1. Straight-line reach from K175: which aspartates and glutamates fall under 18 Å, measuring Cα to Cα and dropping same-chain residues less than 8 apart?
2. Let me spell out the model: positive unit charges on the Cβ of Lys and Arg, negative unit charges on the Cβ of Asp and Glu, origin at the Cα centre of the chain. What dipole size does that give, in debye rounded to 20?
3. Counting only residues 5 or more places away or on other chains, whose amide H sits under 5 Å from the amide H of A206 once H atoms are built in the peptide plane?
4. How large, in percent, is the carbon and sulfur part of the accessible surface of segment 275-417 at a probe radius of 1.4 Å?
5. List, largest first, the extents of the alpha carbons of segment 102-188 along their principal axes, each in whole Å.
6. Tell me what the chain gives for mean residue ellipticity at 222 nm when only DSSP H runs of n ≥ 4 count, each as -39,500 (n - 2.57), the sum divided by the residue total, rounded to 500 deg cm²/dmol.
7. Find the all-direction average of the projected area of the Cα convex hull for segment 65-113, expressing the result in square nanometres with one decimal place.
8. If you take the square roots of the eigenvalues of the alpha-carbon gyration tensor of segment 236-294 and sort them as a ≥ b ≥ c, do you get rounded (a/c under 1.5), prolate (a/b over b/c) or oblate?
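The values are calculated or read from the model by the stated rules, or taken from the named source; none is laboratory data. Quick caveat: nothing in here was measured; it's all calculated off a predicted structure. Heads up, the Cβs are rebuilt from the backbone with ideal geometry, glycines too, and the neighbour counts pull from every protein chain shown. Note: accessible area is taken over every heavy atom of the protein model, side chains too, but ligands, DNA and RNA are not part of it. Shrake-Rupley method; radii C 1.70, N 1.55, O 1.52, S 1.80 Å.
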Amino acid sequence: MVVLGLLIPLSGCGGSGDSAGDAGTLHLVAAEYGDSPATSSKPYWDKMTADFTEANPGIKVDVKLLPWADIDREVSRMVKAGKAPDVALMGSYSDFAAQGQLYPADELLSVTAEANFLQPLADAGSIGNTLYGLPFVASSRLLFYNQALFTKAGIKDAPKTWSDLKAAAKALKDKGVTYPYALPLGPEEAHAEAMIWELSNGGGYADSAGNYALASEQNIKTWSWVKQNLVANGYTGPTPPSQLNRADAFGAFLRGEVGMLNGYPSLAHEARAKGIVVTTTAMPVSDDLGVGEKPPAVGVADWMMAFKQNGKRAEISKFLDFIYQDKNLSEFANRYHLLPSTITASRTPAGGGLDKNDQQFLDALRGAQLYPVNDPAWLTVSDTIKRNIGRAVEPTGDPKAVLEDIAAQANQAAKKH
């Protein structure tokens, strides 16, 4: 089973009520990026759709916002019922592309617009050489550390190797830091943390040919090291990694209880707003690789996709052309401290450009590796990783057996697609 590209999902899905087919109205279903009325995506879409209709009289856009937890299931239901949205913004696209439900990008965008996506994102949005998932916003992961806790523990330099990270974790623990290194391998988002660690030892989810390599020798070595050197020494805090979710790890970081963790741009902004001095750096590499090596960061993107079901290709094309204008794309990215998906918007974002902290994430994104979201089996495979990888570092866990079990389940999933 060939994966053909790696990326990390951010969001995506379009369409709205179940009243597909009314002439002159596009239905967009989009994930809600906000976590409160104050941060809701609604004002953005209200403004965009009003401005679009003003510029394109006769085409209205109806927007339906859905929680991240519901959007995949709900859009799948709409498509099966023959009531697909025209456009969706969500975290996965490949199953719809595999079913022949989506317009390819070359039927929607100009050649210039299609060539404007950052390369790792375009690769992850493509099946074969055809782009179906249009990247909208993205982020990358970097290692965060709490500068005040580092200073208190006498740590002068950012860790560059796993040995450095272990030494820093020991120094933090000796000073009473609750989570010297927060290792969120709970079911919420363990696949992100797992991929970061595996890439930092030259492994990852796929081999150089694009085939799943979940139980590779490098990955087994990675989890054996993490278990023996971090978890067994109590450097990952009081909560077992298999029970620590990303949201809880981030919350602890914002309370000043975490020395180091992997994070993305919005967490850096939140921490600074709380007066926490945060330093971000590349994930340390394994001592086997050495500091001369620079493995890719993990990248994540959310996807716009256009459904064929209602035959509104011309109207969708106009809408996408509008929404992907630099100023419109940047306005959404800036609202949530995410990165725009295009070369031009990331080069000269509206509103004064990226701050220097976000620039570091953008630099990492340019060479990032994304989850294999272009594989229709990825949703099942990622769920298997999320539910199981934490067992590899439990006291009785056997990293090799756990990884081989995950790989066997992934191969079963791949055969079904």
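1. D157, D164, E257
2. On the way: 38 positive and 46 negative charges, 146 e Å.
Approximately 700 debye in magnitude.
3. A213
4. Values: 2970 of 6080 Å².
Within segment 275-417, the accessible surface is 49 percent carbon and sulfur.
5. 59, 29, 21
6. Numbers: 17 runs with 165 residues, N = 417.
Mean residue ellipticity, 222 nm, calculated: -11500 deg cm²/dmol.
7. 4.0 nm²
8. Values: a/c = 2.53, a/b = 1.35, b/c = 1.87.
Taking the square roots of the gyration eigenvalues as a ≥ b ≥ c, segment 236-294 is oblate.
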